[in-house]
Every structure is written in C-alpha cells, then in structure tokens.
1. Report yes if ARG24 is loosely packed, with under 15 Cβ neighbours inside 10 Å and either part of a loop (DSSP other than H, G, I, E, B) or out of contact with any helix residue (DSSP H, G or I) (no Cβ under 8 Å at 6 or more places or on another chain) (or both), otherwise no.
2. Please specify each residue of the range 222-241 satisfying the condition of being surrounded by 10 or more Cβ atoms within 10 Å (Cβ to Cβ) and part of a loop (DSSP other than H, G, I, E, B).
3. Filter the range 128-165 down to the residues that are more than 28 Å from LYS238 (Cβ to Cβ) and in contact (Cβ under 8 Å) with a residue 60 or more places away in the chain, then identify the one that is surrounded by the fewest Cβ atoms within 10 Å (Cβ to Cβ).
4. In the range 87-96, how many are modelled with pLDDT of 95 or more and either crowded, with 19+ Cβ neighbours inside 10 Å or acidic (Asp, Glu) (or both)?
5. Quick one: is ASP65 more than 15 Å from the chain's Cα centre (by Cα) and within 16 Å of ASN114 (Cα to Cα)?
6. Filter the range 193-221 for residues that are basic (Lys, Arg) and in a loop (DSSP other than H, G, I, E, B) and give the result.
7. Six or more apart or on different chains, Cβ atoms under 9 Å: show the pairs whose first residue is in the range 204-220 and over 16 Å from SER133 (Cα atoms) and touching a residue at least 24 places away in the same chain (Cβ under 8 Å) and whose second is of a type in the set (Phe, Trp, Tyr) and in a helix (DSSP H, G or I).
8. For the range 113-126, give me the residue count where each residue is outside any helix (DSSP H, G or I), surrounded by fewer than 21 Cβ atoms within 10 Å (Cβ to Cβ) and in contact with a helix residue (DSSP H, G or I) (Cβ under 7 Å, 6 or more places away or on another chain).
Amino acid sequence: MIVLGSNSEVARAFVEAVLESGTRFPVVYLFTSDRETAEKFARHLDVKYFQPCEVIELDLLQEADYSKLDKIQPGLLFCAAGYLGAGTAEGLYNHQNTARIIDINYAKLIPLLNYFASKMERQRSGTMIVLSSVAGDRGRQSNFIYGSAKAGLTAYLSGLRNYLYDKKVHVMTVKPGFMATKMTEGLPLNPKLTATPQQAATAIFKAYKKQRNVAYVLPVWGVIMMIIRNIPEFIFKKLKL
C-alpha cells in the first residue's frame, strides 16, 4: 500500500480502516515531507496491527527521485496530498501562494501519480484512490486558484480511469467537501456540512469496497454541487460564493 500525504488525518484514518478490516500488506509505504511525524505513525501501525511500514521522504515542491521507488509494487494507492493555501481575497496576487497551490495539488502531483499508474498498468491490477475536492466542480470567487488545480486533478483522474479500465486498474475520485482537519483549522465551517477525518475515512472505505468511480464523503455535497454547477452563468457571476 502506498500513502501519499501520509500525515493527513484522513489518510491515517483510512489506513487504519483498511487494517481494521483484516487486510495486511507486505509493506505500507508512507510518503511524507515530515519524516518524524510519519515515523511515529509507522510505529503505531507496527504495534497495533503488526503492519510493516517504510517512511519515504517526498516534497512535492521538489523533483522526485524515481530511482528510489523502483522496488515498490503498488497494489493500493491512497493519495491525500494537498495544499489549501490562502483564499482568493488574500492570495490571488501572491505568486508564491499561487505556485504552491498549483504545484502540490496538480503540477508536481500528476507525474507521481502517473509513475505509479504505469506500474499498475504493467501488472494489470491495482486501485488508486485520490482526494480531489468539491472546489473543482465550479470555480468560485472565494478559492478559484485552489479550485482550478482540483478541477484539473478531477479531469485527470476521469481520463486516467477511462484509460486504465481495460487494464484492470481502478481509479476512484473522492470529493470530500468540508472536513475538520489541520488544513481547515480556523475556517468558519458549517458543522452540518463538515465531516470528521474518521467519518471521511469510513465513507471512503465503503466506496472503495464498492468500487465507486466518484465518491462524495457526505452525500449532501453531491446535491449542493449539482445545484451550483447548474446555476446559469449570468446569475452565478453575481453571487458571493
């Protein structure tokens, strides 16, 4: 099992959900830019589930050294790598903010996903579960830089799913909506529309077992985004969303 963004609360909860089901892997590879934190989680998995882990340092703002990844034979990949950054009002004209959002959520992430997708294609098996966002369903003035990167990621996953279907590899796109995590700490989130990491992991695990193509963590977000996508542009452009 490969976990990209392994210090994400949702990623950790999902790994535990899989292990709680009785599934075990030869190795769980925890990719992270924070080795110390990931190593603590690796020790936890070893003690609680007797699951061997290996921590691999990866910074999506740097070029990946793929030669170090040759030994990995992926069966299940879970990607929670992402960066919210400053909202449009605060960060629109901040080049560093914009570049970081685009790099982590799309530009530097896609080559890495491609690398593991090509391995799964050659072995004709595997599942890729990647967290995108409802923000990518339609650009809104509050976060359209982030939303545009997630829209690109969603489109990429749709095409990848189509491409890998007859290669016996499944690609699942997850659109979480609001989640109570470190990334959203301090934001005024509606509790009725916000999932905990554990709720998200449980919903994603169920969708994974059912081989869903696209999964919203809370079903209400599917309804909300259907409405938002269908608002006529001459009305939508006047809204403060």
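The values are calculated or read from the model by the stated rules, or taken from the named source; none is laboratory data. The model shown is predicted, which means the values in this text are computed figures rather than measured ones. Note that we place each Cβ from the backbone using ideal geometry, even for glycine, and neighbour counts take in every protein chain shown.
1. Values: loosely packed, with under 15 Cβ neighbours inside 10 Å: yes; either part of a loop (DSSP other than H, G, I, E, B) or out of contact with any helix residue (DSSP H, G or I) (no Cβ under 8 Å at 6 or more places or on another chain) (or both): yes.
Yes, satisfied.
2. To start, the set of residues in the range 222-241 that are surrounded by 10 or more Cβ atoms within 10 Å (Cβ to Cβ) comprises 222-226, 228-229, 231, 236, 239, 241.
Passing the criteria: ILE231, LEU239, LEU241.
3. The selected residue is ILE129.
4. 0
5. So ASP65 fits the description; yes.
6. LYS210, ARG212
7. If the second residue must be of a type in the set (Phe, Trp, Tyr) and in a helix (DSSP H, G or I), the pairs left are PHE205/PHE14; TYR208/PHE14.
8. Our first condition is that a residue be outside any helix (DSSP H, G or I); within the range 113-126, this holds for 124-126.
Next, only the ones that are surrounded by fewer than 21 Cβ atoms within 10 Å (Cβ to Cβ) stay: 124-125.
Still in the list and also in contact with a helix residue (DSSP H, G or I) (Cβ under 7 Å, 6 or more places away or on another chain): 124.
The total comes to 1.
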